[in-house]
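Derivation of every value follows stated rules applied to the coordinates shown; laboratory data play no part. What you see is a predicted model, and the numbers here were worked out from it, not measured in a lab.
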Amino acid sequence: MQTLVDSLRIKGKIYKKMQEIAPRELGVRNKIKIYKATDVAGYFWAIFAVSQKSRLLMKDLHKFEEIYAKLTIFCGHNFKHKIIFIDAPLCSKAKDVFKQQGWKIY
């Protein structure tokens with residue numbers, strides 16, 4: 001989590017509270033790290049960290065949208081911002097759709 005916080009701090013994003021949510025609490029079996037954060041202005045951020053070797057495709061985009069929907073129900077509120085950290089290569093079509101749906105990709 002410290003590397004995630006450091007990389008966000010470099011980009012100018014500072015959070016006063018950050019909480020990790022286990023994927024099994026949401027009923028998700030994927031290897032993904034999910035964080036709920038509150039910035040200094042009081043806005044809520046959903047932060048996903050994905051580490052995999054294979055390319056992320058459109059089907060993965062739908063999977064992340066489902067996880068995000070479960071997260072909003074679990075937390076009881078919507079998030080102002082959505083960020084995803086990806087170590088794997090990303091399909092160009094999936095990247096465009098991620099941006100259209102309001103995701104910030106790092």
(request) Specify which labelled value, from [x] 0.93; [y] 1.33; [z] 1.26, agrees with Rg/Rh (Cα atoms, Kirkwood Rh) derived from the coordinates of the model shown. (result) [x]
(request) Using just the helices of the chain, give the 222 nm mean residue ellipticity in deg cm²/dmol: DSSP H runs with n ≥ 4 each add -39,500 (n - 2.57), and the total is spread over all residues, rounded to 500. (result) -10500 deg cm²/dmol
(message) Explain nothing, just the number: relative contact order of the chain, from Cα pairs under 8 Å at least 6 residues apart, as a whole percent.
(response) 23 percent
(message) What do you get for the angle between helix 58-75 and the principal long axis of the chain? Use alpha-carbon atoms, 0 to 90 degrees, nearest ten.
(response) 30 degrees
